[in-house]
1. Filter the range 120-160 for residues that are buried (at least 17 other Cβ atoms within 10 Å of the Cβ), among the aliphatic types (A, V, I, L, M) and closer than 24 Å to N75 by Cβ and give the result.
2. Starting from the range 62-79, keep only residues that are closer than 11 Å to L46 by Cα, then list their pairs with residues that are at pLDDT 90 or above and open to solvent by 80 Å² or more (accessible area, probe 1.4 Å) whose Cβ atoms are within a distance under 9 Å, requiring at least 6 positions of separation or different chains.
3. Would it be correct to say that L33 is within 22 Å of S5 (Cβ to Cβ), among the hydrophobic types (A, V, I, L, M, F, W, C) and not in a helix (DSSP H, G or I)?
4. Can you go through T105, T97 and tell me which one is closer than 20 Å to F19 by Cα and surrounded by fewer than 19 Cβ atoms within 10 Å (Cβ to Cβ)?
5. Show the residue pairs that are 6+ apart or on different chains and have beta-carbon atoms under 7 Å apart, the first residue being within the range 8-27 and open to solvent by 50 Å² or more (accessible area, probe 1.4 Å), the second being at pLDDT below 95 and not in a helix (DSSP H, G or I).
6. Which condition number does M31 fail, the rest of (1) touching an Asp or Glu at 6+ places or on another chain (Cβ under 9 Å); (2) of a type outside the set (G, A, S); (3) open to solvent by 50 Å² or more (accessible area, probe 1.4 Å); (4) in contact (Cβ under 8 Å) with a residue 12 or more places away in the chain being met?
7. Please enumerate the residues belonging to the range 38-68 that are in a loop (DSSP other than H, G, I, E, B), of a type outside the set (G, A, S) and either open to solvent by 70 Å² or more (accessible area, probe 1.4 Å) or more than 25 Å from A132 (Cβ to Cβ) (or both).
8. Taking Q71, is it farther than 29 Å from P138 by Cβ, polar (S, T, N, Q), open to solvent by 50 Å² or more (accessible area, probe 1.4 Å) and assigned to a helix (DSSP H, G or I)?
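The values are calculated or read from the model by the stated rules, or taken from the named source; none is laboratory data. Everything quoted here is computed from the prediction, not taken from an experiment. With ideal geometry, Cβ positions are generated from the backbone for all residues, glycine too; neighbour counts draw on all protein chains shown. Please note that ligands, DNA and RNA were not included when accessible areas were found on the heavy atoms of the full protein model with its side chains. Shrake-Rupley method; radii C 1.70, N 1.55, O 1.52, S 1.80 Å.
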Amino acid sequence: MYCQSAAILRYAGRCAGLFPSDPESQLRCEMVLECIAEIGRDLLPLWYKSVLRRDPTTGAPGVPLTQAQVQKVRNSVSTSYMPVGFRRLEKILGERTYFCGERLTIADLAFFVDATQIMEGTFLADTGVGPAVLLDCPNLRALRERVAARDDVAAYYRAEATRPTQRAAPMRRASPSA
């Protein structure tokens, strides 16, 4: 059994030919993935409604936030932390077709998944994060559209839409509010 979704993503990317082969592009891909992970870490207090994630021994929320504190964090994340993180990615992308040049990589797909959920309003819905965090990032929005328009990506999403909902395996992830 393997854990750590970022490690699994990189492994799957290598197996599928979606991880660059040259060292400089690998560095660029890793850099983008870390920027995306950093943006995700900024959301942890909203996800867990606490300063820390769940206690690893008891599963209890770690240092719970009050509603006023949650609102303050939501405002900071939506108006400062996430927009700055996405502007950093906008600068990294520049005028390139994809983050690492002309070939799609796991970095583009990782960004695409988060950006699509943000644009659709389904990105950790109760966090209050919406499309405005990508307002100053026209190249990132164009990248999302480019990835969405790919035949392989569109085919995957069509297939997912027709697939029946599957029950989680016995080792389910607990809801953050549980």
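1. If the condition is that a residue be buried (at least 17 other Cβ atoms within 10 Å of the Cβ), among the aliphatic types (A, V, I, L, M) and closer than 24 Å to N75 by Cβ, then V129, V133, L134, L140 are the ones that fit.
2. From residues that are closer than 11 Å to L46 by Cα, the pairs are L65/K72.
3. Details: within 22 Å of S5 (Cβ to Cβ): yes; among the hydrophobic types (A, V, I, L, M, F, W, C): yes; not in a helix (DSSP H, G or I): no.
Here the answer is no, as L33 does not meet what is asked.
4. It is T97.
5. I8/Y2
6. So M31 meets the others, but not (1).
7. Matches in the range 38-68: R53, R54, D55, P56, T57, T58, P61, T66.
8. Values: farther than 29 Å from P138 by Cβ: yes; polar (S, T, N, Q): yes; open to solvent by 50 Å² or more (accessible area, probe 1.4 Å): yes; assigned to a helix (DSSP H, G or I): yes.
Yes; evaluated as a whole, the condition is true for this residue.
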